[in-house]
Amino acid sequence: MADVLELEGVHTDIGQHHILQGVSLRVRPDAVTVLLGRNGAGKTTTMRTVMGVLPPSRGVVRFEGRPIHGLPPHAIARLGIGYVPEGQGIFATLTVEENLRVAMRAENAESRERMRRVLALFPDLERFRPARAGTLSGGQKQMLAIGRALVNPTRLLLIDEPSKGLAPIVVEHLVGALEAMKRETTVVLVEQNFAMASRLGDDCYVMDDGRTVYSGSMSALAADRDLKQRYLGV
Amino acid sequence: MSAPGLTPVQAARAAERRDRWRSPILYLRLAVVLAWALLPAVGPSFQLLDLALKIALFATLAASYDVVIGYTGIVSFGHAMFFGFGAYAVALAVGRLGAPTYGHLVLGFLAGIAVSGVVAIVVGAFSLRIKAIFFAMITLAFAEFALILAVQWGALTGGEDGLSPKLPGVFAAGAPGAFGLSGRLVTYYTLLAICLGLFLLMSRFVHSPLGRTLQAIRDNELRAEALGYRTFAFQLMATSFGSVVATVLGGGYAMWVRYVNPESTLGIPIMLDVLLMVIIGGIGTLHGGVVGAAILLSARTLLPNLRGLGGSLFAGSEILQRLSERWLLYFGILFVLVVFFFPRGVLGTLREAAARRRGPAARGT
Amino acid sequence: MKRATPLLVGAALLLLLPLLGIEPRAWLTLTVAGLAMGMLIFLVAAGLTLIFGLMDVLNFAHGALFSWGAYAGFTVAVAINARWGWAASPSVWANAGLLLLAVAAAVAVAFALGVVLERVIVRPVYGQHLFQILITLGATIVLEELIRVAWGPNDQVMPVPATFQGSWDVADVVVLRFPAIAIALGLLVYGGMQWLLTRTRVGLIVRAGVENNEMVQVMGHDIHRYFTGVFAAGSGLAGLGGLMWGMFSQSIRPSMGGEQLIFAFIVVIIGGLGSVTGSLVGALLVGLAYNYVAYLVPKAAIGVTMGIMVLVLLVRPTGLYGAGK
């Protein structure tokens, strides 16, 4: 089966800093691919490059076979890629419902139906529907962020560090939600919480210093203590 | 502790100092200074002398603005205000305290510096903690306010009519003797020396470790903070320094022109002029101010002569006549084009071209 | 809603305190004048604050659009008046017609200029604050000079329709007509903007974009179209403000935009970047304060606006309704 997402030798600069120095990865359909690595390894930069927020200076990014590097972010999103950034990017002054509505690429019956399903999936959001999103707790905001990505038909979902700053019990809930989702869509997950990553991930890539340094199955990495120590310090 | 030799930084600086004497740029600069110094002997016309000194004053003013905006990276619209403070301080000290003496003159300068220093620190402390856009707007508001204050407070400042100070001693009467210098010429050389001194001071400031820290802050404030530099203190120091230099120049302007009024020293026109000079000359180059000032002021003095030409050529159509008169229009267009295509200004583009020719190895970070 | 209480108290204080020093009839006239002035400044500030909030652009050319709107409206008004005498005519319909056509011209011209400015001048320097400032300044110079070329550098007298001149006598109180109309217009515009922002999809996306425009892009919306739209709409409003100001002061000159722009900036700072309500509150505050103080201590009037700005910044550095950016 063709890869959903493919990066080949991608280099990205931010100002004068050469952040990504050769990232290559392939994402299988209907699986969860995890991107691991220390702080500053370039994981978030990779996501932002895929989304078109940062232009790659070298290399190719392909989505379902067609090159997308160089396209503006909104065009990339409309191809069916959803993005849940680090820090969630919630619009605090908008209500929960408004947050979901903004996320819709087009406000029609189908999107509203999907919104209903998202609210059913996350009952907290239904409860706080008319409330300002800024008043939600950390966990609820994360649910909203993921919910926003699900309001559109999504063929690829990029999620950046969803468990960051959340209490363990909330992370549990989050893992449950993600497990429910992973059967429907392809997911690329950046995660520092190794336990969570190993529960959800099928394939994994490890990044260090702007490069992909290891690729393989999640279970293989989880079993190899030396590898974990070397690249992740766990 | 024994030092085995020079550290890499010290070695680099020593090499820099040696090479300085061989650099052609140095001789170019010396030639310029010489030209200015010898001008009175060569060109008899007062208009030319006036233009030359104004170029010197504004070049230094533009350089002081470059320190704030180009080297420290802070967009401020209050610079003209400090220039005005200096002009008014000197004009008032020399004009309103009885017969003018050297003491009054010095007092004027010191008072101006004191006021500017305090205002710069207050405005800076208040505004540097706010987002950059806010700071720009706030300085603009303060500058407007200073202008209106000067106009309203007629009792002190002479309102819209302004002040016409007379200079003390040698500056007015002249220095008879070997060279037989008139008062004007004494003023000319004194101010030229002051400009040169300030320019050298700024150059040293910018190349000092303090100056380099400021550039680091300008390029990446977060990183500088992470490295332990108290960016706020540095930025405050830099803006205060630039403001004080502007104040001194304002006093010099008052000495030369001998007429100080709100429009010519405090208003937005001066601020725009200085901004234009820095942009055209080149932001972040310090010496760009000289190029910018020369171009702008020369154009302004020479272009009116062309206006008459336009009037006679297009006598039939009023619109065409107006089109040829409004040189500011063309300057505005030129300005926009320069910002688009030569954002680094004349000097900046030249320096970049030279660096590219020397090869990638010569380019630093 | 929590913010409403201290604001209402403050508003009450502001409105009622001057009554201590000013007798009621003069107070009423001043209040109307102050609110009217505030409304006109609001028209300029509203566009400016949205442009800042959404695009992070420091638009110095806003003043030039103010002037162009005034001159465009002026040209239409003069032409219509010369042909059909609608300004001098006692008929309310003719007067209203003249006003509407002048308004339409002002808004249309300013809007079109805004589109051109955004695409040609502003878009290329997006993200670089210093160059935005410089380039919009340059554009202002060019635009202002073009007015001087086309219409001449001198002040022009703006024809004001007869019905809108003078005043009404309401229970022995003199209420100037044009200011009253300006206030009504301002409220209309504010209501319209709020409706657009809160009840339409476009408004929703703009509000989201003011908070985080990168996120909006990543959701699939072409933010550049919204940029152009908001810039043009803001420009149109500035043009409207210019025309109304021209009628308010019954004369126009090329530098009028630059003169009012500083007020608009102060109001935007007071109100907070990106908040239309903030601009309204700030503008009314400035208008009222200016008029009261001008009556009591004429020379201190300008200082008062600065004083309010400083006070607000000390208490809330992001402005009264600022989104904390």
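The values are calculated or read from the model by the stated rules, or taken from the named source; none is laboratory data. What you see is a predicted model; the values in this text were computed from it and never measured. No Cβ is skipped: glycine too gets one built from the backbone with ideal geometry, and neighbour counts run over all protein chains shown.
Descriptive notes on the structure:
- Looking only at segment A:49-80, and only at residues there that are at the interface with chain C (Cβ under 9 Å from one of its Cβ atoms) and buried (at least 21 other Cβ atoms within 10 Å of the Cβ), the one that is nearest to residue A:184 (Cα to Cα): A:77
- The residues in segment C:295-325 that are modelled with pLDDT under 80, closer than 30 Å to residue C:24 by Cβ, surrounded by 14 or more Cβ atoms within 10 Å (Cβ to Cβ) and more than 8 Å from chain B (Cβ to nearest Cβ) can be counted, and the count is 1.
- Note on segment C:183-220: among residues that are under 29 Å from residue C:288 (Cα atoms) and hydroxyl-bearing (Ser, Thr, Tyr), the one that is surrounded by the most Cβ atoms within 10 Å (Cβ to Cβ) is C:190.
- Listed conditions (1) within 14 Å of chain C (Cβ to nearest Cβ); (2) at negative phi are all met by residue B:246, apart from (1).
- Residue match in segment A:101-112 (condition: charged (D, E, K, R) and in contact with an Asp or Glu (Cβ under 9 Å, 6 or more places away or on another chain)): yes
- Pairs where the first residue, in segment B:268-283, is in contact (Cβ under 8 Å) with a residue 12 or more places away in the chain and the second is aromatic (Phe, Trp, Tyr) and in a helix (DSSP H, G or I), C-beta under 6 Å, 6+ apart: B:274/B:65; B:278/B:65
- Taken over segment B:227-285, the criterion of being in a helix (DSSP H, G or I), among the β-branched types (Val, Ile, Thr) and over 15 Å from residue B:199 (Cα atoms) is satisfied by B:231, B:239, B:257, B:265, B:268, B:270, B:274, B:279, B:280.
- Where residue B:264 falls short, out of the listed (1) surrounded by fewer than 23 Cβ atoms within 10 Å (Cβ to Cβ); (2) among the hydroxyl-bearing types (Ser, Thr, Tyr); (3) within 14 Å of the chain's Cα centre (by Cα): (3)
- Hey, residue C:95 away from chain B (no Cβ under 14 Å) and either touching a residue at least 60 places away in the same chain (Cβ under 8 Å) or farther than 30 Å from residue B:134 by Cα (or both) or not: yes
- For residue A:161, the conditions (1) at positive phi; (2) acidic (Asp, Glu); (3) at the interface with chain C (Cβ under 10 Å from one of its Cβ atoms) all hold with the exception of (3).
- Look at (1) free of Cβ contacts under 8 Å to residues at least 60 places away in the same chain; (2) within 21 Å of residue C:197 (Cα to Cα) and you find that residue A:136 fails only one, number (2).
- Every residue from segment C:247-263 that is among the charged types (D, E, K, R) and over 17 Å from residue B:142 (Cβ atoms): C:253
- Counted residues, segment A:123-153 - those being buried (at least 22 other Cβ atoms within 10 Å of the Cβ), out of contact with any strand residue (DSSP E or B) (no Cβ under 8 Å at 6 or more places or on another chain) and among the hydrophobic types (A, V, I, L, M, F, W, C): 4
- Residues that are without any contact (Cβ under 8 Å) to a residue 24 or more places away in the chain number at least 2 in the following helices (runs of 4 or more DSSP H) confined to segment A:156-234: A:168-182, A:218-223.
- Only residues that are closer than 24 Å to residue B:133 by Cα and of a type outside the set (Val, Ile, Thr) were counted in segment B:36-93, giving 18.
- Residue in segment B:302-316 that is within 13 Å of another protein chain (Cβ to nearest Cβ) and at pLDDT 80 or above present: no
- Scan of segment B:162-191 for residues that are at pLDDT 75 or above and in a helix (DSSP H, G or I), ordered by number: B:184, B:185, B:186, B:187, B:188, B:189, B:190, B:191
- Residue in segment A:91-111 that is within 7 Å of another protein chain (Cβ to nearest Cβ) and at positive phi present: no
- Matching residues in segment C:107-143 - criterion: being modelled with pLDDT under 90 and not β-branched (Val, Ile, Thr): C:123, C:124, C:126, C:127, C:128, C:129, C:130, C:131, C:132, C:134, C:137, C:138
- Taken over segment A:1-50, the criterion of being in a strand (DSSP E or B) and free of Cβ contacts under 8 Å to residues at least 12 places away in the same chain is satisfied by A:17 alone.
- Any hit, segment B:48-71, residues being at pLDDT below 80 and assigned to a loop (DSSP other than H, G, I, E, B): no
- All positions within segment C:222-236 that are surrounded by fewer than 22 Cβ atoms within 10 Å (Cβ to Cβ) and in contact with an Asp or Glu (Cβ under 6 Å, 6 or more places away or on another chain): C:228
- Residue within segment C:108-119 that is within 14 Å of chain B (Cβ to nearest Cβ), surrounded by fewer than 24 Cβ atoms within 10 Å (Cβ to Cβ), in contact (Cβ under 8 Å) with a residue 24 or more places away in the chain and over 21 Å from the mean Cα position of the chain (by Cα) present: yes
- Helices (runs of 4 or more DSSP H) fully within segment C:159-276 that include at least 3 residues being within 14 Å of the chain's Cα centre (by Cα): C:177-199, C:223-249, C:256-271.
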